[in-house]
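Peer 1: Pasting a structure here, questions to come.
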Amino acid sequence: MTVVESPGVHAELGARPLSAAPVRARKRGGARRRVGDVVYGALAVVVFVFSVFPVYWMLNTSFLPNRLIRGSDLHFFPTPDVFTLDNYRTAIFDESRSAFIPALWNSLGVAAITVVVAMALGFVASLALTRFSFKGKRTFIVLILVVQMLPGEALFVSIFRIIDSWQMLNTIIGLSIVNIAAVVPFTIWTLRGFVNGVPAELEEAAMIDGCSRAGAFWRITFPLLAPGLVATGVFALIQAWNEFVIALIIMQRPESMTLPVWLRTFQQATQATNWGAMMAGATLIAVPVVIFFLLVNNKMTGGLVSGAVKG
Amino acid sequence: MTRTETTGTRVPAPRPSSVATAPRRKTNPLPYFLILPSVVALLVALAYPVGWQVLTSMREYGLAQQFGQPATFVGLANYVEIFTSDDLWAVVARSVVFCLVNAIVTLVLGILLALLLKAVPTWARVVLQVALLLAWAMPLVAAVTVWKWMFDFRTGVVNWLLVRMGFEQFAGHGWLATPLSFFLVATIIIVWMSVPFVALSVYAALTQVSGDVLEAASLDGASRVQSFWLIVLPTIRPVVSVVFLLQIIWDLRVFAQIKLLQDSGAPVGETNLLGTFIYQLGVGSQDFGGAAAVSLFVLALTIVLTWPYVRNLLKEDEA
C-alpha cells in the first residue's frame, strides 16, 4: 500500500516551505502571502460549498412541505414553522409506487447474504495467499485483480439471460450470487493486506508453545484481524447496498426491487416528480451508508488506492 | 529419496538437486481448498457469463430465439454488422471523449485540491476532508438523484441562482434536453463524486514529499512552480498515475449516471455512452447477439486499460 498518511510534523511544516526561510525573505513576501492566504481561504470555501451543498440540499428539501418546494422562492432552511416529515411519510407509505418496506427487506437480504458469503470466501482465500505458497498463486492474484475491474455494464445482458435460465430473476438469491462474485475479489485483496499485517511469527511462537496450527491462528491472528475484518465487511456491505446496474436488470418486478432501483421509480414520464418525497427516499438510502463510510474510512484509505473500490 | 549414486564423492550434480525438490513438489492441497470457493463463485457468476457472451456474440440471437427458435451460428456477422454501423462508432467516440475529459478534469482538480489541503491551516484541512468524505460516501443513485433535482428546469436551485445572478435566459432552462449540456451536467456529477478519492489519495502522497528538499530548493531560488514540477510531481507520480488509470477505467463504464439522467427525458439516442448503448441494444431491442458483441469489445478495452494498473500493483507487491 503506497499511501500512508503521516500527520503531525509534515502537515505543520511541509505546507509552507517559505515560513522557514530567512526573515528578510519573509518580510518581502509578506503582502504577497497575505493575498495568498485570502485566495486559499476563498478557494477552500468554494470547495467546501461545492462538496457539501448537494447533501445539504437533499436534507433541506426532504424536510420542506411540497408547496414550498414547488413555489417560486427557495427555502434554504426548514425552519420550525415549515418543518415537516410528510415527505418521509409519502416515501415510505405511499401506495401509488412500489413500496419502501419490501425494497428495504430486499436490500437488507441481498446485502446480508453478499457480505456473509463474500467475507467467508474472501477470508479463506486470503489465508491461502498469505500463509501458504502454492503453484498458481501469482496467476490467482493477477486473476482477481483483473476480474474486479471487469464492468458489470458489459456483462449484464449475459447475466440477465443466465439468471433467467436458472429461474432466479427477481429473487434475492439471484442478485446475491452476482453481487458475491463482484465483491469477492475486493475482499480477498483487502483481507490479504490485513492478514499480511499480522506477522506469521506470532503463530509460529504459539505453535512452539504447543498450539495446533488452526488453534494458533484462531487464538492469535484472528483477534488481531478483527478491525480489518470489520472494515472490509462494511465496505462490502456498502457496495452491495449501493449496487444498481445488475439490480436494475434482474429485479424489475415492483415487489422485488432493491432500494436504489426503488428510488428510480419516483420519476415517471407520465407525472410531475414529487421531489420532496424523492429527496426523503434518497436520504433514507444515503444516511446509513454515509455513517458507515465515515466510521471505517480511516482504515481503508490506504487500501482503497490498491483495492479499487467504488466505481 | 532414491539415491542411485554409489560413489562417495559429493558432487552437486543437477540430478540430486532435482531429487531434493521432489518432496516439496508433493504440495500441500490445503491452499487449493481455501481458494476453491472463491474460484467457483467467480467461475459461476463471471466466467460463465463471459463465455456465454462469446458464444452469443457469434449467433443470431434476437426476439425469435427468445420464443424458442434455435439460435443459428452466424460467425462474425454480428461483429461486422455492429462495427460497420455508424451508431456504434458515434457512441465509441462519444464515450472516449467523455471518459478522457472527465478523467483529466477530475485529476487536475484533485491535484489542485490536494495542494490546497496542504496549504491551509490544520483546522481548515480537517473541515475540507470531512466535506470531501461526505461527497465520496454518498451512494451513487442518491447523488445523481440530488443533482437532477438541483438541475431541475422548473424549481431547481441552479436555474434559480443563475436567474438571481442576472441570467434571465435560464428561467425554465432544460439542462438535460440537449446533448452538450446533458454531458456538462453528467461531468459535474461525476467530477463531484470522483474528486474526493483523487484529492485525498494525492494529498496522502503529498505528505511524503520531503519538506527539507522543498526548503533547500526555495533557498536556492526555485520558484513555487519550479518546485512543483521538479520536486513534488516526481514524488507523487506513482500515485497520480494509478489514480488516473482508475479514473479512466471507471469513467469509461459510466452507466448508472447516464441512465438515471436519461430518465429525466433526455434524447436517448444522442446521449448514449457504451454502457447505455449495450443496455438499449440488449434489454431494449432484444438484440442479444449485437449487445454481446459490443460488450466483448468493452471487456477487451477494459482489460487492455487495466493491465498497467495490475502490473503496477504486482510490482508494488514484490517490493
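Peer 1: Quick check on my filter: what residues within the range A:153-168 are buried (at least 18 other Cβ atoms within 10 Å of the Cβ) and more than 8 Å from chain B (Cβ to nearest Cβ)?
Peer 2: Step one: list which residues in the range A:153-168 are buried (at least 18 other Cβ atoms within 10 Å of the Cβ), which gives A:153-163.
Answer for the range A:153-168, where residues must be buried (at least 18 other Cβ atoms within 10 Å of the Cβ) and more than 8 Å from chain B (Cβ to nearest Cβ): just A:Ile163.
Peer 1: On to the next question. Name every residue in the range B:173-218 that is surrounded by fewer than 17 Cβ atoms within 10 Å (Cβ to Cβ) and under 29 Å from B:Leu133 (Cα atoms), in order of residue number.
Peer 2: Answer for the range B:173-218, where residues must be surrounded by fewer than 17 Cβ atoms within 10 Å (Cβ to Cβ) and under 29 Å from B:Leu133 (Cα atoms): B:Ser181, B:Leu184, B:Gln208, B:Ser210.
Peer 1: Being out of contact with any Ser or Thr (no Cβ under 8 Å at 6 or more places or on another chain) and surrounded by 19 or more Cβ atoms within 10 Å (Cβ to Cβ): is that true of A:Ala103 here?
Peer 2: Judged against the criteria, A:Ala103 is not a match.
Peer 1: Go through the residues of the range B:63-77 one by one and say whether even a single one is among the hydrophobic types (A, V, I, L, M, F, W, C), at pLDDT 85 or above, closer than 19 Å to B:Ala293 by Cβ and in a helix (DSSP H, G or I).
Peer 2: yes
Peer 1: For the range A:219-244, give me the residue count where each residue is aromatic (Phe, Trp, Tyr) and within 19 Å of A:Asn196 (Cβ to Cβ).
Peer 2: Summing the residues that are aromatic (Phe, Trp, Tyr) and within 19 Å of A:Asn196 (Cβ to Cβ) in the range A:219-244 gives 2.
Peer 1: What tally of residues in the range B:147-202 results from selecting those that are under 27 Å from A:Gly71 (Cβ atoms) and among the β-branched types (Val, Ile, Thr)?
Peer 2: Counting residues in the range B:147-202 that are under 27 Å from A:Gly71 (Cβ atoms) and among the β-branched types (Val, Ile, Thr) gives 7.
Peer 1: Among what's in the range A:87-100 and is exposed (fewer than 15 other Cβ atoms within 10 Å of the Cβ) and part of a helix (DSSP H, G or I), pick the residue that is modelled with the highest pLDDT.
Peer 2: Checking each candidate, the answer is A:Arg89.
Peer 1: Just checking, how many residues over the range B:174-212 are more than 13 Å from B:Ala266 (Cα to Cα) and either within 12 Å of another protein chain (Cβ to nearest Cβ) or not in a helix (DSSP H, G or I) (or both)?
Peer 2: Going through the range B:174-212 one residue at a time, the tally reaches 25.
Peer 1: Identify, from the list A:Arg34, A:Arg131, the residue that is over 30 Å from B:Thr27 (Cα atoms), at pLDDT below 95 and not acidic (Asp, Glu).
Peer 2: On the way: A:Arg131 fails: over 30 Å from B:Thr27 (Cα atoms).
Being over 30 Å from B:Thr27 (Cα atoms), at pLDDT below 95 and not acidic (Asp, Glu) holds for just one of A:Arg34, A:Arg131, which is A:Arg34.
Peer 1: When the range A:176-220 is examined, which residues are found to be charged (D, E, K, R) and within 14 Å of chain B (Cβ to nearest Cβ)?
Peer 2: Passing the criteria: A:Arg192, A:Arg213.
Peer 1: Okay, moving on. Need a quick list: helices (runs of 4 or more DSSP H) entirely within the range B:121-164 having at least 3 residues that are within 7 Å of another protein chain (Cβ to nearest Cβ) and modelled with pLDDT of 90 or more.
Peer 2: B:122-137, B:140-150
Peer 1: With respect to B:Ile278, is the statement that it is closer than 30 Å to B:Pro70 by Cβ and of a type in the set (A, V, I, L, M, F, W, C) true?
Peer 2: Numbers: closer than 30 Å to B:Pro70 by Cβ: yes; of a type in the set (A, V, I, L, M, F, W, C): yes.
Criteria met by B:Ile278.
Peer 1: Additional query: Examine the range B:97-117 for a residue that is free of Cβ contacts under 8 Å to residues at least 40 places away in the same chain, farther than 27 Å from B:Thr235 by Cβ and in a helix (DSSP H, G or I), and state whether such a residue exists.
Peer 2: yes
Peer 1: For B:Asp317, indicate whether it is crowded, with 19+ Cβ neighbours inside 10 Å and within 10 Å of chain A (Cβ to nearest Cβ). Before the answer, list the steps.
Peer 2: Numbers: crowded, with 19+ Cβ neighbours inside 10 Å: no; within 10 Å of chain A (Cβ to nearest Cβ): yes.
When the stated conditions are applied, B:Asp317 does not pass them.
Peer 1: Does the range A:111-134 hold any residues that are closer than 22 Å to B:Trp307 by Cα and surrounded by fewer than 20 Cβ atoms within 10 Å (Cβ to Cβ), and which are they?
Peer 2: Those that are closer than 22 Å to B:Trp307 by Cα and surrounded by fewer than 20 Cβ atoms within 10 Å (Cβ to Cβ): none in the range A:111-134.
Peer 1: Here's a check for you: in the range A:244-282, which residue that is small (Gly, Ala, Ser) and in a loop (DSSP other than H, G, I, E, B) is surrounded by the most Cβ atoms within 10 Å (Cβ to Cβ)? Write out each step before concluding.
Peer 2: First pass over the range A:244-282, keeping only residues small (Gly, Ala, Ser): A:247, A:256, A:269, A:272, A:276-277, A:280-282.
Add one more test, that the residue is in a loop (DSSP other than H, G, I, E, B), and what stays is A:269, A:272.
On the way: A:Ala269: 7, A:Ala272: 9.
Top of the filtered list is A:Ala272.
Peer 1: Does A:Phe222 fit the bill of being over 12 Å from the mean Cα position of the chain (by Cα) and loosely packed, with under 15 Cβ neighbours inside 10 Å?
Peer 2: Criteria met by A:Phe222.
Peer 1: Can I ask one more? Examine the range A:132-144 for a residue that is assigned to a helix (DSSP H, G or I), more than 9 Å from chain B (Cβ to nearest Cβ) and over 22 Å from B:Leu34 (Cβ atoms), and state whether such a residue exists.
Peer 2: Checked the range A:132-144: no residue is assigned to a helix (DSSP H, G or I), more than 9 Å from chain B (Cβ to nearest Cβ) and over 22 Å from B:Leu34 (Cβ atoms).
Peer 1: Sticking with this structure for a sec: Going by the structure shown, is A:Ala128 within 30 Å of A:Met251 (Cβ to Cβ) and part of a helix (DSSP H, G or I)?
Peer 2: no
Peer 1: Let me ask something else about it. Which residue out of A:Phe83, A:Phe76 is exposed (fewer than 14 other Cβ atoms within 10 Å of the Cβ), within 14 Å of chain B (Cβ to nearest Cβ) and outside any helix (DSSP H, G or I)?
Peer 2: Matching residue, one of A:Phe83, A:Phe76: A:Phe76.
Peer 1: Out of (1) in contact (Cβ under 8 Å) with a residue 60 or more places away in the chain; (2) more than 9 Å from chain B (Cβ to nearest Cβ); (3) crowded, with 18+ Cβ neighbours inside 10 Å, the odd one out for A:Phe63 is which?
Peer 2: For A:Phe63, the failing item is (1).
Peer 1: Does B:Val96 fit the bill of being surrounded by fewer than 17 Cβ atoms within 10 Å (Cβ to Cβ), under 25 Å from the mean Cα position of the chain (by Cα), more than 11 Å from chain A (Cβ to nearest Cβ) and closer than 25 Å to B:Val225 by Cβ?
Peer 2: Details: surrounded by fewer than 17 Cβ atoms within 10 Å (Cβ to Cβ): yes; under 25 Å from the mean Cα position of the chain (by Cα): yes; more than 11 Å from chain A (Cβ to nearest Cβ): yes; closer than 25 Å to B:Val225 by Cβ: no.
Considered against the rule, which asks whether it is surrounded by fewer than 17 Cβ atoms within 10 Å (Cβ to Cβ), under 25 Å from the mean Cα position of the chain (by Cα), more than 11 Å from chain A (Cβ to nearest Cβ) and closer than 25 Å to B:Val225 by Cβ, B:Val96 comes out as no.
Peer 1: For the range A:138-158: of the residues being of a type in the set (S, T, N, Q) and either over 24 Å from the mean Cα position of the chain (by Cα) or modelled with pLDDT of 90 or more (or both), which is farthest from B:Gly289 (Cα to Cα)?
Peer 2: Top of the filtered list is A:Thr139.
The values are calculated or read from the model by the stated rules, or taken from the named source; none is laboratory data. Please read all numbers here as calculations on a predicted model, not as lab measurements. Heads up, the Cβs are rebuilt from the backbone with ideal geometry, glycines too, and the neighbour counts pull from every protein chain shown.
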